[in-house]
Amino acid sequence: LSPFVVPYSLSLLAGSKVSMDVWGLMTGLFLMVVLPSLIGMLLYQMTSGRVKSWGPRLSPFSKFSVIIVIAINGAVVAPYFRSFDWKMLAILVCMLVISSFGYFIGWFLAKLQRCPRDMAFSIVFNSGMRNTVAGVALATSFFPMQVSIPVIVATIFQQLLASQIGYLIHKFHTDQPLPAEGKAVSR
């Protein structure tokens, strides 16, 4: 929805018109998000779940890819960290809090609903992950480069937090049975 929501919300809130390559953005999102997800689900179904055993073998590649993404995003904003001041620190702290908030709200809701671990993972990552592609594209295309700093910093924090939250859920979230439908849950 971001190719449609972002230009209209900017028009409504800031009174400025933003023209985006909607088709190009949607194609990029399809290739980066939808297609890999569909391939993963298809592989899982075709192998009756045995594809999960590939995880440990692909883990080094995954970790290296995250480092590459963080390095590329960090390189864009690196020149602005030469003059590090209180304003920059405030931006970093604010983006860390915002990035963390979604994950922790998701975790809180999953615990409140007594979800099993796999459902908790889905809730936490769906509430914590943000599509920052449109924000980065808008910030770098239509505004001075300094405007992209919060968006890129949020992307960097999001990647780091995702790995840490995944570890914490795996370690501390105990599987709890879902409450039976129609029955009250005692607390």
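The values are calculated or read from the model by the stated rules, or taken from the named source; none is laboratory data. Computed from a prediction, not measured in an experiment: that's the story for all the values here. Positions of Cβ are generated from backbone atoms using ideal geometry, with glycine treated the same way; all protein chains shown enter the neighbour counts. Remember, those area values only see protein heavy atoms, side chains included, never the ligands or the DNA or RNA. Shrake-Rupley method; radii C 1.70, N 1.55, O 1.52, S 1.80 Å.
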## Note on the structure
GNM of the chain, Cα pairs under 10 angstrom: of TYR103, TYR44, TYR167, the biggest fluctuation goes to TYR44
### Query
Which of GLN158, GLN146, GLN45 moves most in a GNM of the chain, Cα contacts under 10 Å?
GLN45
### Summary
Check: in the chain the Lys pairs 8 or more apart or on separate chains whose Cα atoms fall under 23 Å apart number 5
### Query
With the other protein chains left in place, how much accessible area per residue, in square angstrom, belongs to the chain at a 1.4 angstrom probe?
69
### Query
If R0 is 22 Å, what FRET efficiency do you get for LEU29 and MET145 from their C-beta distance, rounded to 0.05?
0.40
### Task
Quick one: what are the phi-derived ³J(HN,Hα) couplings along segment 33-38, Karplus 6.51/-1.76/1.60 with θ = phi - 60°, whole Hz, x for glycine and proline?
10, 5, 4, x, 5, 4
## Note on the structure
Dividing the helical contributions, -39500 (n - 2.57) per DSSP H run of n ≥ 4, by the residues of the chain yields a 222 nm value, nearest 500 deg cm²/dmol, of -23000 deg cm²/dmol
## Note on the structure
Residue-ordered couplings for segment 95-111, obtained by feeding phi - 60° into the Karplus form 6.51 cos²θ - 1.76 cosθ + 1.60 and rounding to whole Hz (Gly and Pro as x), are 5, 5, 5, 4, 5, 6, 4, x, 5, 6, 5, x, 5, 4, 5, 5, 5
### Most mobile of PHE64, PHE157, PHE108 in a GNM of the chain (Cα contacts under 10 Å)
PHE64
#### Entry: Inter-probe distance in nm under a simple model that places probes 7 Å from Cα toward Cβ, at LYS52 and LYS111
2.4
### Summary
Rounded to a whole %, the carbon-and-sulfur portion of the accessible area of the chain at a 1.4 Å probe is 71
### Task
Please report the relative contact order for segment 1-159, taking Cα pairs under 8 Å with a sequence separation of at least 6, and give it as a percent rounded to a whole number.
23
### Query
Just by accessible area at a 1.4 angstrom probe, what is the order of ASP85, ASP118 from largest to smallest?
ASP118, ASP85
### Summary
Pseudo-spin-label distance SER65 to ARG82, built 7 Å along Cα→Cβ, given in nm, is 3.4
